[in-house]
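Asker: Could you have a look at this structure, given as structure tokens, before my questions?
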Number of protein chains: 2
Amino acid sequence: MESSLPTHAKDNPNVSADGAPSKNALKKAQKEAEKAAKKAAAKKADEEKRAAQQAQTSEDTAKDKYGELPQEEGPIITHLKKLGEDHVDKEVTVIARIHNSRSQSAKLAFLMLRQQGKTVQAVVAANGEAVSRQMVKWAVSLSVNSFVRVTGLIKKPDPPVASASISNLELHVTKIYLLARAAEQLPMQVKDAERPPPATAEEGQVDAEGAPIVTLKTRLDNRVIDLQTECNQAIFTISDAVEGLFTEYMRKSGSRQFNTPKILGAATEGGSGVFEVSNYFGKSGFLAQSPQLYKQMLIAADCESVFEVGPVFRAENSNTHRHLCEFTGLDFEMVFDHHYHEVLGFAEQLIVFIIQELQARYKDEIAVVHRYFPRAGDFRIKDGKALRLKYFDGIKILRDAGVDTTEQDNYVTDLTTAQEKRLGQLIREKYDTDFYVLDEFPMVVRPFYTKQHPTDPKLSNSYDFFMRGEEIMSGAQRINDAAELEASMRSKGLDPDAEGFVDYVNAFRQGCRPHAGGGLGLNRIVMFFLGLDNVRQATPFPRDPQRLRP
Amino acid sequence: MESSLPTHAKDNPNVSADGAPSKNALKKAQKEAEKAAKKAAAKKADEEKRAAQQAQTSEDTAKDKYGELPQEEGPIITHLKKLGEDHVDKEVTVIARIHNSRSQSAKLAFLMLRQQGKTVQAVVAANGEAVSRQMVKWAVSLSVNSFVRVTGLIKKPDPPVASASISNLELHVTKIYLLARAAEQLPMQVKDAERPPPATAEEGQVDAEGAPIVTLKTRLDNRVIDLQTECNQAIFTISDAVEGLFTEYMRKSGSRQFNTPKILGAATEGGSGVFEVSNYFGKSGFLAQSPQLYKQMLIAADCESVFEVGPVFRAENSNTHRHLCEFTGLDFEMVFDHHYHEVLGFAEQLIVFIIQELQARYKDEIAVVHRYFPRAGDFRIKDGKALRLKYFDGIKILRDAGVDTTEQDNYVTDLTTAQEKRLGQLIREKYDTDFYVLDEFPMVVRPFYTKQHPTDPKLSNSYDFFMRGEEIMSGAQRINDAAELEASMRSKGLDPDAEGFVDYVNAFRQGCRPHAGGGLGLNRIVMFFLGLDNVRQATPFPRDPQRLRP
């Protein structure tokens, strides 16, 4: 049966690496490929020959100790981050980029080597036959950012090399080979991206020392270079850690990870705010704005406790420091036995766990980020637990501090972003904490699936989580009765019989336990925990209304 | 600055739970909501009153021991899967669905309770004041699939209850409350979904005993009910485990998890096969067919070893047992020191780790699935390691067995699906293993970014992984030199200067280490490991050319 499929279908085996063009195209292209490969090989050989001739104008006693990497096997490689005092007077081999190089004389050159942002100085000193002058010349001729494989003896420099992040060690080169060449001209230098982000967003500025100021836009346009800084390497180690700690905590609690569909058959929240997939086999599809309906359907399907890590798509034209059109959602949903505060307490402990583990396990990375973002490292959790306030107690703190809360008092709007930030400051002053929760939000500012407060119909069993006064999570007890859900939807102008809702509402008709959950934004947790300026700094390749590249 | 934003932007806080309608709409809807809620509450009260009247035609001595759940606090709840011999003669409270019920007499009823597919019998026996006749009548009147909270004494039935999965225990009910009511008519019964999937795809059939045969289509149409079977619960416990084991292994190796964008600015693999996002702020976007280009850009950005778990979108009109339009990719990419076999060996160990841990930790779940899919549990890995063959050695095995391999011998096409399956059988017979790897595929059948074999230009440094003769992973060493990459792209008819490729090719211009990686399909690993019939059975809510719902 399968073999009668068109070859293209077979080419596309639903494993994610390799979406190849069709085989016929490939077949036709094969001869061209071989021709091109031969041509490239011939060109390379020619270049190597010329380089070899150039280097050997005089006899070179070290000629097999540098050059294009000659073989595919080799010595044990040591990572720069593993280099320590116990390597002194020992030979090591590292693979690193050339961060910069300086020729002191025909016999002496200094290379700054860089691996994942960490730097160490390498000394190439001609010393008779072992290291030749040609070798020194060749080493210093390599373009910045090229990858080299360097072997040498580790020594203790006196004084330490102040400009290197590994200042107490130095590598005395005995062999150096080129592994991957960088172009002579790069659109941005890593050393420029290593400077703290500027206050200005204008291009073409220079700082007091005449060095170019690289704006966030330029950094993001050249993200592959930007990510090479020690700070960015540390930020994404923290981001990976948050993701790992979230899944670790959820799985330990007995929750199961699911991957719900991102292409939906109908827009569930109106046409604005949703991206449309225009060519779904003759139909329109829509990108999920959250896994909300699906994680609830999994609860209705007896899964009891579920979580998901996946992309969330928002077509909102919001150009702020904390909004993205695509971000990573950390979602969870679970049944409870008696009261939704069981879930709220679980979620509070989850966040406390993540923050405390970050602080315990990632001191070094936080210290690196601190050099660029001074608030990194000062995140406070009082007494190792979340501060939980009722929404209107939060409003009262604001009102007592002289903030106009008339609209909130009258259930007109939710807290504004400015009010949230102010509340964050006030709570930090009063309670010495950067993590708090507001509970019992007004029903009017929450979505249709939110469960009403049992005694006050103007309130709801819902909560938001804040870090440094900015929202990282929204959650609630959900309506689990089909009739109640339909009434709530109708009251908010939504049609329970619409195509996008039928399966969802039916999930509750067949019986569903009371449940609650929440949705966290990974990028925001990283941003607020580290005190970054912008959510884009916590996103490898951000997407916003202005940015679809790289 | 933030507070001057339109309220809708503020409403959409980039945390994933709650994409609410605008506040004005909410505000207007508030009064309606309260009205509707009052109406619903009144209706409910009325129903309760009538039910109470009905039950109390005679005086009811047990009237506070059943009914609608009266309170929000309560006893410790025991999960059915935790019930054991040590509970005998003790009181427990469980929350479970009514799987079915049977009235023996006015004084005696049997309820089969079900939680996550596990069943236990509950006995409701009128015995003077503690359990009344009214209580027995009410309990047996509850609709199938409703959730109840039941308290009772655990007893050992003699003989065991053959029809219950927990046959050695029985619950003698003292209290029973309704937690969530199911509709009287359900579109499908869980007990029908519990039967093994039929060989026929035709609707409306009955089996030899007259029970309806529920086809895969009907099951998937009613997936929330279908997922409630013990078999499906076990399948998704395995699926969660595969995801967890993959990330565990990757993280332990020092790799970091990244989330790369799923909306891209340009289609990188031609117009067919890619879903288009038509409304990206005046531009077109495209859904990523794999994270391939981005994970390589992360390698070029010095991330050294990265992995990703995320959706992969394929707009291929492939209607087979193993193709989906959206599936979960488990991708990894990493630098190597000397040879791509370092990465290939790592990946082999990764799969062996996943399979061996599944076999060790999930015996119970595998045994449950085995009752429905007989091949579950018989997965073989010889000597705890992958069998690695060269592609053309695999072809030779086929040829020696009489299979026509003329096209493969002449580099015309890749293995067909039928050939792959046959090879899987032959290898199982010859090597006693269900997991093997083919290495050194012909260049012509691999994508443009694949590294050529160092000595034979017709071959490549690439590999596929197979489970039970079907592909679960495709991977390779990648070209890490910009000029070589451009030549390869041109030879395959692709333009390196096209918008979708510029950032990718530039990533290699600034220097990139040799690297390799691969992409696994989560759904396929689960399917082939358990010997399921169809990849949809390993996908909570599958998407294919015919299916966008539920």
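The values are calculated or read from the model by the stated rules, or taken from the named source; none is laboratory data. Just so it is clear, the model here is predicted, and its values are computed rather than measured. Neighbour counts run over all protein chains shown; Cβ positions are idealised from the backbone, glycine included. All accessible areas refer to the heavy atoms of the entire protein, side chains included, with ligands and DNA or RNA removed. Shrake-Rupley method; radii C 1.70, N 1.55, O 1.52, S 1.80 Å.
Asker: Among the listed residues A:V224, A:V214, identify the single one that is within 25 Å of B:A507 (Cα to Cα), assigned to a loop (DSSP other than H, G, I, E, B) and β-branched (V, I, T). It would help to see each step written out before you state the result.
Answerer: On the way: A:V224 fails: assigned to a loop (DSSP other than H, G, I, E, B).
Of the residues listed, the single one that is within 25 Å of B:A507 (Cα to Cα), assigned to a loop (DSSP other than H, G, I, E, B) and β-branched (V, I, T) is A:V214.
Asker: Also: A:H515 passes all but one of (1) open to solvent by less than 10 Å² (accessible area, probe 1.4 Å); (2) more than 9 Å from chain B (Cβ to nearest Cβ); (3) under 23 Å from A:G384 (Cα atoms); which number fails?
Answerer: (3)
Asker: As an exercise: evaluate A:R549 against (1) of a type outside the set (G, A, S); (2) assigned to a strand (DSSP E or B); (3) not assigned by TED's automatic domain parsing to the domain that holds A:E357 and give the number of the one condition it does not meet.
Answerer: Evaluating A:R549 over (1) of a type outside the set (G, A, S); (2) assigned to a strand (DSSP E or B); (3) not assigned by TED's automatic domain parsing to the domain that holds A:E357 leaves (2) as the failure.
Asker: Something else: Report, by residue number, each residue of region B:281-301 that is buried (at least 24 other Cβ atoms within 10 Å of the Cβ) and assigned to a strand (DSSP E or B).
Answerer: B:G285, B:F286, B:L287, listed by residue number.
Asker: Assess whether A:P212 counts as being touching an Asp or Glu at 6+ places or on another chain (Cβ under 8 Å) and at pLDDT below 95.
Answerer: Working: touching an Asp or Glu at 6+ places or on another chain (Cβ under 8 Å): yes; at pLDDT below 95: yes.
Yes: the conditions hold for A:P212.
Asker: Continuing with the same structure: For region B:241-272, give me each residue that is out of contact with any Phe, Trp or Tyr (no Cβ under 8 Å at 6 or more places or on another chain), at pLDDT 90 or above and assigned to a loop (DSSP other than H, G, I, E, B).
Answerer: Passing the criteria: B:G254, B:N259.
Asker: Say we look at region B:518-543 and pick out the residues that are more than 8 Å from chain A (Cβ to nearest Cβ) and of a type in the set (A, V, I, L, M, F, W, C); which of these is nearest to A:I98 (Cα to Cα)?
Answerer: Within region B:518-543, the match that is nearest to A:I98 (Cα to Cα) is B:I525.
Asker: Assess whether B:L415 counts as being modelled with pLDDT of 95 or more and more than 8 Å from chain A (Cβ to nearest Cβ). Show your work before the answer.
Answerer: On the way: modelled with pLDDT of 95 or more: no; more than 8 Å from chain A (Cβ to nearest Cβ): yes.
No.
Asker: I've got another one for you. Search region B:304-347 for residues being more than 7 Å from every other protein chain (Cβ to nearest Cβ) and part of a loop (DSSP other than H, G, I, E, B), and hand back the single one that is most open to solvent (accessible area, probe 1.4 Å).
Answerer: B:N319
Listed here are the residues, each with its yes/no results for (1) more than 9 Å from chain A (Cβ to nearest Cβ); (2) open to solvent by 10 Å² or more (accessible area, probe 1.4 Å); (3) modelled with pLDDT of 95 or more.
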residue	(1), (2), (3)
B:M467	yes, no, yes
B:M473	no, no, yes
B:A487	no, yes, yes
B:D497	yes, yes, no
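Asker: Something else about it: How many residues are open to solvent by 10 Å² or more (accessible area, probe 1.4 Å) and more than 10 Å from chain A (Cβ to nearest Cβ) if we restrict to region B:232-259?
Answerer: 3
Asker: Here's something else I'd like to know. Assess whether A:E316 counts as being assigned by TED's automatic domain parsing to the domain that holds A:F332, at pLDDT below 95 and in contact with a Cys (Cβ under 9 Å, 6 or more places away or on another chain).
Answerer: Working: assigned by TED's automatic domain parsing to the domain that holds A:F332: yes; at pLDDT below 95: yes; in contact with a Cys (Cβ under 9 Å, 6 or more places away or on another chain): yes.
In short, yes.
Asker: Let me ask another. Would region B:441-464 turn up any residue that is within 27 Å of the chain's Cα centre (by Cα), closer than 13 Å to B:G394 by Cα and either within 11 Å of another protein chain (Cβ to nearest Cβ) or not β-branched (V, I, T) (or both)?
Answerer: Residues of region B:441-464 that are within 27 Å of the chain's Cα centre (by Cα), as a first pass: B:463-464.
Filter again for closer than 13 Å to B:G394 by Cα, leaving B:463-464.
Checking which are either within 11 Å of another protein chain (Cβ to nearest Cβ) or not β-branched (V, I, T) (or both) leaves us with B:463-464.
The answer is yes, given that some residue of region B:441-464 is within 27 Å of the chain's Cα centre (by Cα), closer than 13 Å to B:G394 by Cα and either within 11 Å of another protein chain (Cβ to nearest Cβ) or not β-branched (V, I, T) (or both).
Asker: Among the residues of region A:323-333, is any among the polar types (S, T, N, Q) and under 26 Å from A:R547 (Cα atoms)? Show your work before the answer.
Answerer: Quick first cut of region A:323-333, residues among the polar types (S, T, N, Q) only: A:328.
Right, trim to under 26 Å from A:R547 (Cα atoms) and you get A:328.
Yes, region A:323-333 contains at least one residue that is among the polar types (S, T, N, Q) and under 26 Å from A:R547 (Cα atoms).
Asker: Just one of (1) modelled with pLDDT of 95 or more; (2) closer than 21 Å to A:T539 by Cβ trips up A:D302, so point out which.
Answerer: Every condition holds for A:D302 apart from (2).
Asker: OK, next. Taking into account only those residues within region B:136-166 that are open to solvent by 40 Å² or more (accessible area, probe 1.4 Å) and under 29 Å from the mean Cα position of the chain (by Cα), which is farthest from B:I95 (Cα to Cα)?
Answerer: B:S163
Asker: Considering each residue of region B:172-187, count those that are facing chain A (nearest Cβ under 7 Å) and closer than 18 Å to B:P550 by Cβ, and give that number. Spell out how you get there, then give the answer.
Answerer: Of all residues in region B:172-187, those facing chain A (nearest Cβ under 7 Å) come to B:179-183, B:186.
In the following step, the residues that additionally are closer than 18 Å to B:P550 by Cβ were identified as B:182-183, B:186.
Number of matching residues: 3.
Asker: When you go through (1) out of contact with any strand residue (DSSP E or B) (no Cβ under 7 Å at 6 or more places or on another chain); (2) under 25 Å from B:R513 (Cβ atoms); (3) at pLDDT below 95; (4) not in a loop (DSSP other than H, G, I, E, B) one by one for A:L186, which number turns out not to apply?
Answerer: So the condition that A:L186 fails would be (4).
Asker: Looking at the structure I just gave you, is A:Q546 open to solvent by less than 10 Å² (accessible area, probe 1.4 Å) and facing chain B (nearest Cβ under 9 Å)? Lay out the reasoning, then the answer.
Answerer: Values: open to solvent by less than 10 Å² (accessible area, probe 1.4 Å): no; facing chain B (nearest Cβ under 9 Å): yes.
For A:Q546, the condition - open to solvent by less than 10 Å² (accessible area, probe 1.4 Å) and facing chain B (nearest Cβ under 9 Å) - is not met.
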